[in-house]
Each structure stands twice: as C-alpha cells, then as structure tokens.
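Below is one structure, written out as structure tokens; comments come after it.
The values are calculated or read from the model by the stated rules, or taken from the named source; none is laboratory data. Since this is a predicted model, take the numbers as computed values, not measurements. We place every Cβ from the backbone using ideal geometry, glycine too, and count neighbours over all the protein chains shown. These area figures cover heavy atoms from the full protein model, side chains too; ligands, DNA and RNA do not enter into them. Shrake-Rupley method; radii C 1.70, N 1.55, O 1.52, S 1.80 Å.
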Amino acid sequence: MSFTVFATAIISAMLINNVILMQFLGICPFLGVSKKSSSAVGMSAAVLFVMVIASAVTYTIYDLVLYPFDIPYISTIAFILVIASLVQFVEMVIKKFSKPLYKSLGIYLPLITTNCAILGVSEGNITGIWTETMPYWEGLFTAVSVSVGTGLGFGLIIFAFSSIREKLDGSNVPASWKGVPISLVVAGIMSLAFLGLAGII
Amino acid sequence: MSKKENFLKGFLKENPIFVFLLGMCPALAVTATFETSLGMGLLVVFVLTGSNIVVSLVKGFIPDQVRTPAYIVIIATFVTVVKMLTFAYAIELYDALGVFLPLIVVNCLILGRAEAFASKNNVLDSTIDGIGMGLGFTFALVVIGVFREFLATGGIQWGVYLPFFVDAPIHLFTLDWIINLFTDGFVIADYGLAVFSLPPGAFIALGIILAGFQFKKSRQIKRELEEKKKLIAERKRQALEKKKEKALAAAKLAKAGE
Amino acid sequence: MGGFLIPVLVIGGLVIVYILSYALNKNTPIPEECLEIVDSTKCESCHSFTCTYKK
C-alpha cells in the first residue's frame, strides 16, 4: 500500500491502457452521450463514482465470499447482480439525501448500470490483480487505484471527444460519413495518438 | 412474419451491429482476426438461443416487476456455461477473448431480444429469432474480422484460436501465390498494414464499413425519391392531358351548339 | 449437496438484494426541483437495459 502502486496504477489505467481507446469498454456512452461537454462531465463523474464503489465491492465479494467457499465460477452472475443493485442503491441514497448531487449526476446513474466498462473493470481486477497469496487490503488498494485511473481515463476521453464533436457538428462531413462513422474514425486517430504512450512505464 | 423472414431479418435488414449499433464493444475488441470473430459470434449464438428459449418457456411464471433481474440471471447462467466450455475446449480462444467473454452478459443485443421478442412469442419463434439474430451478429463480426485480418497480414488463418478440423494452423487464403507467379520469394505479410490488428485499426475499420452501409442506404433513399418524383411527374402529365381532352371536348360541344 | 446449495444461496441472496434496492429506488420520489432535468426524450445514447427512464 504505497504511493508508487497508486501512481503506477493510475497512469497505466488512465493513459496507457485507456478504457475506451485501448480496451474498447464503454463504447455506447462514448458514441451516444458525448454530444455536449457538460453532459460528458456529469456522465464521467457518475461513472468514476460507481466504478470505484463497484470494484471495491466486487473485489471484496470475490476475495471473502466466492473464493473461500470455492465457487468462483459464479463470479459473472454475482458481479452483474451486485453492480445492478449497487447503482439502484446509490441512486436512491443520492435522491434522498443530496439534491445538488442528484441534480449534477443523478440523471446519469441509471444509464450506467450495465455500462460494460464497470463490469469489465471488475472482471479485469480479478484476472489481473487478484492472486491466491495476495493479502486482502493490498489487493483492494490496487483494485481501487486501477478503477480510479480507469474512471479518470474514461472522463478524459469522453470530454476530449465531446469537444471534438462540437467542432465536428459545424463542419461539412460527406453524407455517408455523417454520425457514427466519422466519430469512429476520429476515435481511431485519438487511439493512434494514445498508442504512442505505450511503454512510458 | 413467416419463419424464413424471421430467420433472415438479422443478416442485413435488422443487423444488430451495422443497423442498430448494438454490441459495439465486442465488435471492436475481438475482431482482430477472422477466428476470434467467428468464435465470439458462435458463443453469442449459443447464449442468445439458449436465453431466448428459456425466457419464452418461463414467460408466464415471472411477475412483471422482477422481469429484468430474472432475465439477467438466465443470461448470466448461459454465459457461465459458455465460459466453462470455452475454457475446456478452446483455451486459446478463452485467452484471446479475455474479459469480453463474461461481458456477453451486458451485450445489449441479448437482453434486448429477450425483452422485445422472446417474452412475447412462443418457443419455436424465439428459437428461430435467436439463431437468426445471433448469426447476423456473427456475420457482422466476421465481416469486420476478415477485413482487418486481411489488411493486417494479407491472408486469413485458421487453427490458431479454434483448433478444430486441422492439426496445425493453416492459411485459408493469401495473396502470395499470385505475385509469386511473376517473382520469387515474395511474402505478403511483410507488407501488411499492422495498424489494423491494433486498437486504432479497429475503430477505423468499423468506421469505413459503417460508412459503406450508410452510402448504400443513402443511394437507396435517393433512388426511391427519384422514383417518387417520376411517378408524380407522370401523374401530372396524365392529369394535364385529361384536362386538355376535356377542354377540347367542351370546345367541340360549343362549336356543335353554334 | 453442499456444493450445490452454497452458490444457489449466494445467487438467491443477491437477487433479493437487487429486487429490494430496485423497489426502494422506485419508491423514492425524485426531488421536485430536479424533475425538469430528467428528460426521457434525450435518452438515445447507451442501450442500457435497466435504465429507469425508458418507460
């Protein structure tokens, strides 16, 4: 549990292994929501929030329940149920106790229940970080660091892309490339740029 | 809708990826080669058909409020089965698909079909719908996979990830021999666009294919518009002629009256 | 038998937790001043299936 672990996890999850451009998780909100910069910020804040809680909870469940009882094969079913109920619960709590918070990111919460980025990070934590000998707290710390980095990377790309998209709306795109195709090509060029960051750690 | 239409609609008319843009994450992530695309597609066919059958069987017993959780559990069960089967029989495919194998659970296509089709139709129709839609998804993945692998390596390989029917990996198709008719020692793999096997290539390849689909669609719309215009012009001409005839007849009548 | 019971119990428990949280969330009203920002017509983006705005 050190700062080095935290910083390494953040940089590698945010820039090198970017969740959208390198791992292809969360493409739907990337193509759909990111039309306005303001909604992109709200969306990515909600994703970051849920992602951190979800990866902590799923890691805990895997390490303390599924593995000791020798039933790791139900992890997919367990994780999707945990994430779905977690989002409902978080939305309820925010609705009840914090109106400003609900105003800023509440409307994006139900959208991200099945955002594959969240389930993907939870599964990735198990395959990438979890080992039989790793102490619980150390693994939990790494998993949370990775999910913070992933959430920040998601926000970075969504925000950058929404800015490009606002510019793109005013430009003269050929009819057959309008909409999703040109967005995908733009994403490909962004991905090409992020490929250059491989190997800085 | 007849059974054949029900089966065929997933390929082009209601293709999940090219038309509805569902399941874009696997369409980008696992299509680096032809084999991984085919493997992923077949797994989705299995999960989709299985969940469609079970959902249409139990549709009468599930209260409306707990529909979604029940569907999630059914789909996740099938995904777990598929995960174990892949792990047992095609470990290379399991490693190549990685996190996208459990992520079949959140593939919007599967729950979408369960909610929109299987919960309203009988078992036979749901089965046909599941197989058809799944094969449409597979078709889209294979198109992207062939496009990418061909541009990246100049050929299509078989036997690396799906080690069935062959003892060692073979090239199903390459362009080497055509050029080797004229020169010696040409290896097309040295001239491949390696970027198409990397993440940026995935975005660009899917963008190009979708643009092709939009182009075809816009051409079709244009053609229909032109036909409509022609039809309207024809009608106008006919109406004008009728008017002229009437006017002529009236003039004749008037003349006869004089 | 024990190898069969535990996973069923775990999944059953999680399903109950999900249904409970779903019901709780449904029964909590949206704060009044936030009503206008919840605009279901703007939801065209992700095809998330548990979206509570769909209906």
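Take A:SER55, A:SER163 and sort them by solvent-accessible surface of the protein heavy atoms, 1.4 Å probe, largest at the top.
A:SER163, A:SER55
Using all Cα-Cα distances in chain B, what percent lands in each 10 angstrom bin from 0 up to the longest?
Binned Cα distances yield the sequence 7, 23, 25, 18, 10, 6, 5, 4, 2, 1, 0.
Quick one: length gained pulling B:VAL123 to B:ALA250 fully straight, 0.36 nm per residue minus the C-alpha distance?
38.9 nm
Could you give the C-alpha radius of gyration of chain A expressed as a fraction of 2.2 N^0.38 Å, taking N as the number of residues it contains?
This ratio for chain A stands at 1.08.
Using only the alpha-carbon atoms, how far is helix B:123-153 inclined from the longest principal axis of chain B? Give it as 0 to 90 degrees, nearest 10.
For B:123-153 against chain B, the angle is about 70 degrees.
Work out Dmax and Rg for the stretch B:199-257 from the C-alpha atoms and quote the Rg first, both in angstrom.
Just the Cα atoms of the stretch B:199-257 yield Rg and Dmax of 25.5, 87 Å.
Could you tell me the largest-minus-smallest coordinate of the C-alpha atoms of the stretch B:1-107 on each of the three principal axes, in descending order and whole angstroms?
Principal-axis extents of the stretch B:1-107 (Cα, largest first): 40, 31, 21 Å.
For the stretch B:84-157, max minus min Cα coordinate along each principal axis, in Å, sorted largest first?
Here the Cα extents, ordered largest to smallest, are 45, 26, 19 Å.
Just the ratio, please: alpha-carbon radius of gyration of the stretch B:120-245 over 2.2 N^0.38 Å, N its number of residues.
Taking N as the residue count of the stretch B:120-245, the ratio is 1.80.
Which residue, A:GLY26, A:GLY128, A:GLY149, has the most motion in a Gaussian network model of chain A that connects Cα atoms within less than 10 Å?
In this elastic network of chain A, the residue with the biggest mean-square fluctuation among A:GLY26, A:GLY128, A:GLY149 is A:GLY128.
Can you give the helix-only mean residue ellipticity at 222 nm for chain B, where every DSSP H stretch with n ≥ 4 adds -39500 (n - 2.57) and the sum goes over all residues, rounded to the nearest 500 deg cm²/dmol?
-22000 deg cm²/dmol
Based on DSSP H runs of at least 4 residues, each adding -39500 (n - 2.57), what is the mean residue ellipticity at 222 nm of chain A after dividing by all its residues, to the nearest 500 deg cm²/dmol?
Rounded to the nearest 500, the figure is -22000 deg cm²/dmol.
Report, in degrees rounded to the nearest 10, the 0 to 90 angle that the Cα long axis of helix B:34-58 makes with the longest principal axis of chain B.
70 degrees
Considering chain A as a Gaussian network with a 10 Å cut-off on Cα pairs, which listed residue, A:MET14, A:MET51, A:MET92, attains the greatest mean-square fluctuation?
Evaluated over chain A, the most mobile residue of the options is A:MET92.
Run through the stretch B:1-64 and list the GluC sites (Glu not before Pro) located in a DSSP loop whose Cβ has at most 14 other Cβ atoms within 10 Å.
B:GLU14
What area, in nm² and to one decimal, does the C-alpha convex hull of the protein assembly as shown cast on average over all directions?
37.8 nm²
Using a 10 angstrom cutoff on alpha carbons, build the Gaussian network for chain A and name the most mobile of A:LEU86, A:LEU119, A:LEU152.
A:LEU86
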